[in-house]
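The values are calculated or read from the model by the stated rules, or taken from the named source; none is laboratory data. In this text, all values refer to a predicted model and were calculated from it rather than measured experimentally. Cβ: placed from backbone, ideal geometry, glycine included. Neighbour counts: every protein chain shown.
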Amino acid sequence: MLSNFRASQTFPVLISSCLLGVSCRYDGNGSGCPGIVNKASSINIIPFCPEQLGGLPTPRLPATIVGGDGMDVLSGKARVINSKGEDITGAFRKGAEEALKLARLFKAKIAVLKERSPSCGLSTPYCDIPEGSGIGVTAAIFNLSGIKTMEIHEGDDFPTKEFLALFEESYDSVPVFGS
Ligand code: SF4
């Protein structure tokens, strides 16, 4: 059933651009997820890269959240620092706000996010909390704004059961399955 999924063109889904194979990662590469790439033409995708939207270059230096996680960045308690020690909190916050702007513009209710990222990850190790991993900055702003979020890994098949459940819950609609 999952293999012949065909999502309705009507319902927008935000997807981290690197998962589509776009070379927007800090190291200049993508993190293409073949499961998503192969379905891209049948999903109403809103691609976004918050670090680029925040004005950071590609490639760029890797960054870590210091003093908390993404929620703490949004509340002003934590900062985002790159490997040269530069404070790039403003770019991360701006990128999150711009991504949220896109979500609202297109009335997207779901975001499929790249794992581990200090921007997109729901559980990133690049932060500073006792649990060892926390939420990224853009994932945090989505969660605070009522956009349903899920992470995906490069090797995952798509759609996952989690995605299908979120889709139905978010759009009060059952995804269309093609033949
Ligand atoms: Fe951009 Fe998010 Fe992918 Fe990082 S994880 S490259 S911020 S889309």
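Collect the residues in the stretch 159-179 that are farther than 22 Å from Lys107 by Cβ and at pLDDT 90 or above, keeping them in residue-number order.
Passing the criteria: Thr160, Lys161.
Would you mind finding the one in Ile141, Ile81 that is without any contact (Cβ under 8 Å) to a residue 40 or more places away in the chain, among the hydrophobic types (A, V, I, L, M, F, W, C), crowded, with 16+ Cβ neighbours inside 10 Å and more than 24 Å from Asp157 (Cα to Cα)?
Ile81
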Exercise. Does Glu86 count as free of Cβ contacts under 8 Å to residues at least 60 places away in the same chain, acidic (Asp, Glu) and within 16 Å of the ligand (Cβ to nearest atom)?
Worked result: no
Seminar exercise, completed: Residue pairs within 6 Å by beta carbon, gap of at least six or interchain, first lying in the stretch 9-24 and over 19 Å from Thr138 (Cβ atoms), second assigned to a helix (DSSP H, G or I) and at pLDDT below 95, listed first then second, are Phe11/Tyr171; Gly21/Val37
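I'd like to know if the stretch 20-43 contains one or more residues that are touching a Pro at 6+ places or on another chain (Cβ under 6 Å), of a type in the set (D, E, K, R) and surrounded by fewer than 19 Cβ atoms within 10 Å (Cβ to Cβ).
Yes, the stretch 20-43 contains at least one residue that is touching a Pro at 6+ places or on another chain (Cβ under 6 Å), of a type in the set (D, E, K, R) and surrounded by fewer than 19 Cβ atoms within 10 Å (Cβ to Cβ).
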For this session: Sort through Ile135, Ile141, Ile147 and tell me the only one that's under 16 Å from Val66 (Cα atoms) and of a type in the set (Val, Ile, Thr).
Result: Ile135
